[in-house]
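We did not get these values from a lab; they are worked out from the coordinates using the rules stated. Since the structure is predicted, the reported quantities are computational estimates derived from the model, not experimental observations. Cβ placement follows ideal geometry from the backbone for every residue including glycine, while neighbour counts extend to all protein chains displayed.
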Number of protein chains: 2
Amino acid sequence: MSIQNRRERERAERHQLIIDAARDLAESEGWDAVTTRRLAEKVEYSQPVLYSHFKGKDAIVRAVAIQGCGDLARELRKARPSRGESRLRAAAEAYLRFARERPALYDAMFVQQSDIPWGTDEVPQELLDAFGELVAAVEPVRGERHLEALTEVFWTSLHGIATLGRGGRLRPAYDDTRLDLLLGALSLTKDEHGL
Amino acid sequence: MSIQNRRERERAERHQLIIDAARDLAESEGWDAVTTRRLAEKVEYSQPVLYSHFKGKDAIVRAVAIQGCGDLARELRKARPSRGESRLRAAAEAYLRFARERPALYDAMFVQQSDIPWGTDEVPQELLDAFGELVAAVEPVRGERHLEALTEVFWTSLHGIATLGRGGRLRPAYDDTRLDLLLGALSLTKDEHGL
DNA sequence: CTCGAAAATCTAGCACTGCTAGACAGGCGA
DNA sequence: TCGCCTGTCTAGCAGTGCTAGATTTTCGAG
């Protein structure tokens, strides 16, 4: 029984080892460098071992993506506004920083379309956590507006800035102005406040 | 001289034939189906012919993307607001329709990072045209705000909705509300109008 | 301690990818 | 008609994700 447990524990450790290795490789050399051969070499096992843990390469990327959602949720949670800064702005800056500093991870999460069950079905808890943080940041400026839909607007805008910004499709000179405009637009003006 | 011209003309036609074939294949079966072999078969030439026109597969995708920008510009140009509809809304709906109906083309343009020189360098005219249409749509609600930066906010928001929406990362039930909220936020409230 | 079944792992290979060197063809001017 | 040059093709390379079958390791029964 105990040895059975040890087996399972070792197996779980190796499972995580593979995910970590894939993420490290992707973050240091890009997803193109994450081949099953290089990954196998990195974890010091042969390729078929990878397939005993994951159905295929896609499944590995998916696992990395889901854990990445957890990372993002943590970053957002610990992003508290400094004096005079709105919570919305603190969240926006934390989100954009995450996307900027961990582009490969961000890609796996939100750019590459891997059929993670985001739909009603069985959304990973990590993503719900991250979205929940965004909801909390939006809530103060909500007014009478639909909270979740408004959060989706916030999220999609940040996502658009993050993905178009990288690759130089946006003018870096406008980075600050652009974010100011977005936050200003999403925030209610005074007369709408009690509406 | 004339036969030289004919040669060049035939070559240009074949150039376009390759681009069209790549786009058609991508739009009907996805970019994964666009292999150099299948593409060569479709244009009824051998693979090396492709490489005499384009430096590599990436260059072909890039050509498709640039022409796609032209298509988008045209769609936006002919999107005129119906009675009582704002120009901003007409543009937003046209943009989202384009992204929804031609996902593969949209991917080549704005999702896959292909080092198209968007940066100051030598941005393709087609993209400038498309952006110009967005600028024109934003102008009426500009107020005192920075026009180009505001247009970038508009664009990034639409892009975020388009890319996250596909793949089911957003709740389809909120589609209308979400767009309403975005347009409402970007539009000026009355008291800001003359500011 | 030894054996044999079962579990775990590896080797070697498939079909595919983007890409290219070298063989081959056709039309052109001399 | 010849030789050249441009254009095209055949065949192949190194790499990909993935897997069948051989091989090793593990571990309890005798």
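Here are the numbers for the structure shown:
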| quantity | calculated |
| --- | --- |
| Burial ordering of A:Tyr45, B:Tyr174, fewest other beta-carbon atoms within 10 Å first | A:Tyr45, B:Tyr174 |
| Overall dimensions of the protein assembly as shown by Cα: Rg and Dmax, Å | 23.5, 87 |
| 18 Å tail of the calculated P(r), region B:71-154, as % of Cα pairs | 47 percent |
| Assigned charges on the beta-carbon of Lys, Arg, Asp, Glu; region B:10-96 dipole about Cα centre (debye) | 440 debye |
| Dipole magnitude of region B:1-54, debye to nearest 20 (Cβ charges: Lys/Arg +1, Asp/Glu -1, about Cα centre) | 320 debye |
| Principal axis dimensions, largest first and in whole angstrom, of chain B by Cα | 66, 41, 31 |
| For B:Gly143, inter-copy label distances in nm, listed shortest first [label point 7 Å out on the Cα-Cβ vector] | 1.0 |
| Cleavage-rule hits, GluC sites (Glu not before Pro), region B:32-95, DSSP coil, Cβ neighbours within 10 Å at most 10 | B:Glu44 |
| Sorted by Cβ neighbour density within 10 Å, fewest at the top, the residues B:Val64, A:Val34, B:Val135 | B:Val135, A:Val34, B:Val64 |
| Total lysine pairs whose alpha carbons fall under 19 Å of each other in the protein assembly as shown (8 or more apart, or interchain) | 5 |
| Nm distances between copies for B:Glu8, ranked from closest, using label points 7 Å along Cα→Cβ | 7.4 |
| Acute angle (nearest 10 degrees) that the helix A:175-186 long axis makes with the longest principal axis of chain A, alpha-carbon atoms | 70 degrees |
| Sorted by Cβ neighbour density within 10 Å, fewest at the top, the residues A:Phe54, A:Phe154 | A:Phe54, A:Phe154 |
| For the protein assembly as shown, size of Cβ-based charge dipole, Lys and Arg +1, Asp and Glu -1, in debye | 440 debye |
| With Cα atoms, 0 to 90° folded angle of helix B:87-101 axis to chain B main axis | 40 degrees |
